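Participant: After the structure tokens below, expect a handful of questions from me.
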Amino acid sequence: MILPMTEAKNPRTVLTLFGTRPEIIKLAPVIRQLDLYPKRFRTVNVSSGQHTDLLAPFVKLFAVRVDHDLGVLRPGQPLSQLFARVLSEFDPILVKEKPDIVLVQGDTTTAVAGALAAFHRGIPVGHVEAGLRTDDPLNPFPEETNRRLITRIARYHFAATKRNVRALCHEGVSREDIFLTGNPVVDALQHIGTSMVRSPALEAVLEKTTGLRRIALTTHRRESFGGVLEGNLRVLRDFIESHPDVALIFPVHPNPMVREMADAVLGKLERVHLLDPLDYPDFIGMLSESWLIVSDSGGVQEEAPSLGKPLLVLRETTERPEAVEAGIAHLVTTPDELHTMLHEADAGRFGSSQRAITNPFGQGDSGQRIVRVLRRLLDPIDVFSP
Ligand code: UDP
């Protein structure tokens, strides 16, 4: 469906809304492409401020101009308060900027509340990374249900893979409103790959772990807080202690639950390096220098295939089975399974023959593809011009 055009007006205003690390990583390549066409597009970039400290280095790295900051972060606020703040703070921006379309990404509270605010003002929503699904609306929580809600609200759906397209069609979304574009995380990764400058802090950790097999760890998902998180960290600790040629590098998420558990189980251990969250070039640098990645992150499941690094996914279920099917990732649902898989990897039965594979999530041109679609949707006459 093409947007109803009142009268031709250029440039069209495209508003992007982001609030967390993965959102900016995946929207930055789209913003960069939009900014290549200043006569056709005016970009308005809005940060909700859902994760201020984590977001700042990424805004700088990708040179994203933040036009508005909703400043919604309050320590320990429940999801409903966060949702309500995004909804109410975003509305006046919509009134002021009058965008032709609002782009949200993924599955955060920022994305779902922002989509609803746009809907209330009759502004069409485009959903980047649409169609990811697990079978369980409660897992991951609250992201899986957020995604499903955004699908109901959005007018246009930018899907990374054919599986994502099928999931949307299966739920009754019209095929002509779905666009197979790949995931812009691959664009971001390639962008960083060409200009990778590692910090002295990361270089120091790599230096200290030279000659060791490095495990890169990230874990911060709510569903694993408590027993599962503790169990996984204990399994990793035992593995490191019993394997003198293995080191663990763990950039610890600032969530206090994760920090306290990491300190309690892994603090002061030889060959374990607990770091503050890394900026993107350092993070990708760390992954590239690792023997094995262990992570519950969504984005890391998309990055590992590009880097050719074997990955143990710490989740009950994944909305990105493409990496598992490609043989580069393995789902680990319990600490016992983690124990088994670490020993499989140690014995060379998992991950030993990995190399960079064709990334099932995209080829690095997703930003371009999304913008091509936006040109067509927002300005049908534009298809005929160069
Ligand atoms: N990331 C990073 N530094 C870190 C940890 C993660 O740059 O210390 C990046 C990572 O490359 C990935 C993204 O942040 O692309 C993932 O964020 P997160 O795990 O918070 O969210 P998810 O992808 O699970 O939604």
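Participant: Restricting to the range 213-258, and then to whatever is of a type in the set (Lys, Arg) and modelled with pLDDT of 95 or more, can you tell me which residue is farthest from Gly308 (Cα to Cα)?
Facilitator: Only one residue fits best here, namely Arg234.
Participant: I would also like to ask the following. Out of the range 316-351, which residues are over 20 Å from Gly106 (Cβ atoms), open to solvent by less than 40 Å² (accessible area, probe 1.4 Å) and in contact with a helix residue (DSSP H, G or I) (Cβ under 6 Å, 6 or more places away or on another chain)?
Facilitator: Those that are over 20 Å from Gly106 (Cβ atoms), open to solvent by less than 40 Å² (accessible area, probe 1.4 Å) and in contact with a helix residue (DSSP H, G or I) (Cβ under 6 Å, 6 or more places away or on another chain): Ile328, Val332, Pro335, Leu338, Leu342, Phe350, Gly351.
Participant: Among the candidates Val72, Val104, Val86, which residue alone is more than 30 Å from Arg375 (Cα to Cα), modelled with pLDDT of 95 or more and touching a Leu at 6+ places or on another chain (Cβ under 8 Å)?
Facilitator: Selected residue: Val72, the only one of Val72, Val104, Val86 that is more than 30 Å from Arg375 (Cα to Cα), modelled with pLDDT of 95 or more and touching a Leu at 6+ places or on another chain (Cβ under 8 Å).
Participant: What tally of residues in the range 182-214 results from selecting those that are β-branched (Val, Ile, Thr) and either surrounded by 24 or more Cβ atoms within 10 Å (Cβ to Cβ) or touching a His at 6+ places or on another chain (Cβ under 6 Å) (or both)?
Facilitator: 3
Participant: Right, here's the next one. Restricting the first residue to the range 289-300 and requiring it to be at negative phi and touching a residue at least 24 places away in the same chain (Cβ under 8 Å), which pairs with a second residue that is within 7 Å of the ligand (Cβ to nearest atom) and of a type in the set (S, T, N, Q) meet a Cβ separation below 6 Å and a spacing of at least six or different chains?
Facilitator: Ser295/Thr218; Ser297/Thr218
Participant: Which residue pairs have Cβ atoms closer than 7 Å, lie 6 or more positions apart in sequence or on different chains, and pair a first residue in the range 200-224 that is closer than 18 Å to Asp245 by Cα with a second residue that is surrounded by fewer than 14 Cβ atoms within 10 Å (Cβ to Cβ)?
Facilitator: What qualifies is Leu212/Asp245; Arg213/Asp245.
Participant: Within the range 148-174, which residues are part of a loop (DSSP other than H, G, I, E, B), buried (at least 19 other Cβ atoms within 10 Å of the Cβ) and among the polar types (S, T, N, Q)?
Facilitator: The answer is Thr161, and nothing else.
Participant: Still on this structure, please answer the following. All but one of (1) touching a His at 6+ places or on another chain (Cβ under 6 Å); (2) within 16 Å of the ligand (Cβ to nearest atom) hold for Asp296; state the number of the condition that does not hold.
Facilitator: Result: Asp296 passes all but (1).
The values are calculated or read from the model by the stated rules, or taken from the named source; none is laboratory data. Source: prediction; values computed, not measured. Note that each Cβ is placed from the backbone with ideal geometry, even for glycine, and that neighbours are counted across all protein chains shown. Calculation scope for accessible area: heavy atoms of the full protein, side chains included, ligands and nucleic acids excluded. Shrake-Rupley method; radii C 1.70, N 1.55, O 1.52, S 1.80 Å.
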